[in-house]
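Presented below is the structure to which this report refers.
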Amino acid sequence: SFAYSWGHDPLFEVAEELKSERNRIKHELGISEKCNVILFCGRLHDEKRPFHLLDAFRRANVPNTDLVFVGDGELRETLEAYKAEQKIESVHFAGFQNRKEIAKYYAIADLLVLPSYRESWGIVINEAMCFGLPTIVSDQVGAREDLVFSGYNGYCFPEGDVKALAGTIRSFFELPMEERRIMGDRSLE
């Protein structure tokens, strides 16, 4: 996994800088300071399963929680239509963000979710962990074996099981804040 572990030092530095800016950035992005943030980073294509995440988010129905999609692709219109049809106000589409801009999304997040059905690694997991984020990944994400330990610093769910993903999201946010923070600290380690 050496090929997937380079260049993290700048991310650690940016994460530290942005820690105190969290509420300002949330405000700037139209997200309440009191809201939890679930982050998806990647192309909005079927292999990444963004629709599964959106549906799971709707089903989980976690109060005071927003879902932010960072990335663009062929499914964006479908996702936006579903959001409108289901009247899910707490979903944001940030579009493509360059390496510099993407840091602020990691900085405001409480959790990264990568529900892909085919993902040889998932470099966004490395990046999220530089920001101390717990992660939820499908069992088809390669990095899960090296980086994501269920109940320790995140969770793994069976790819394609939207109900299981919704339950995992709900379970994570039912944890006491201190336990969630510890999971994030473990990711950072």
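The values are calculated or read from the model by the stated rules, or taken from the named source; none is laboratory data. Predicted model only: the values in this text are computed from it and were never measured. Cβ coordinates were reconstructed from backbone atoms using ideal geometry, including for glycine residues, and neighbour counts include every protein chain displayed. For the accessible areas, the whole protein counts, side chains as well, though only heavy atoms, and no ligand, DNA or RNA atoms are used. Shrake-Rupley method; radii C 1.70, N 1.55, O 1.52, S 1.80 Å.
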**Request:** Kindly provide the set of residues from segment 63-81 that are more than 22 Å from Lys104 (Cβ to Cβ) and either polar (S, T, N, Q) or within 16 Å of the chain's Cα centre (by Cα) (or both), ordered by number.
**Result:** Thr78
**Prompt:** For segment 61-78, how many residues meet the condition of being aliphatic (A, V, I, L, M), surrounded by fewer than 22 Cβ atoms within 10 Å (Cβ to Cβ) and not in a loop (DSSP other than H, G, I, E, B)?
**Reply:** 1
**Item:** segment 110-169: number of residues that are assigned to a helix (DSSP H, G or I) and open to solvent by 10 Å² or more (accessible area, probe 1.4 Å)
**Value:** 14
**Complete:** So, first residue touching a residue at least 12 places away in the same chain (Cβ under 8 Å) in segment 103-119, second residue of a type in the set (Asp, Glu) and open to solvent by 10 Å² or more (accessible area, probe 1.4 Å), Cβ within less than 7 Å, six or more apart or across chains; the pairs are Tyr106/Glu127; Ala107/Glu21; Ser116/Glu47; Tyr117/Glu47; Tyr117/Glu159; Arg118/Glu47
**Asked** Residues in segment 5-24: is at least one of a type in the set (Gly, Ala, Ser), crowded, with 16+ Cβ neighbours inside 10 Å and not in a strand (DSSP E or B)?
**Response** yes
**Asked** From the list Ile182, Ile169, which residue is touching a residue at least 40 places away in the same chain (Cβ under 8 Å) and among the hydrophobic types (A, V, I, L, M, F, W, C)?
**Response** Ile169
**Prompt:** Taking only pairs six or more apart or across chains, which ones have beta-carbon atoms under 6 Å, a first residue in segment 71-83 that is among the hydrophobic types (A, V, I, L, M, F, W, C), and a second residue that is crowded, with 17+ Cβ neighbours inside 10 Å and not in a helix (DSSP H, G or I)?
**Reply:** Leu75/Leu44
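Could you identify the single residue in Ala81, Ala56, Ala103 that is out of contact with any strand residue (DSSP E or B) (no Cβ under 7 Å at 6 or more places or on another chain), assigned to a helix (DSSP H, G or I) and surrounded by 24 or more Cβ atoms within 10 Å (Cβ to Cβ)?
Residue meeting the stated conditions: Ala56.
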**Scope segment 32-45; condition in contact (Cβ under 8 Å) with a residue 60 or more places away in the chain and open to solvent by 10 Å² or more (accessible area, probe 1.4 Å); matching residues** = Asn36, Gly42
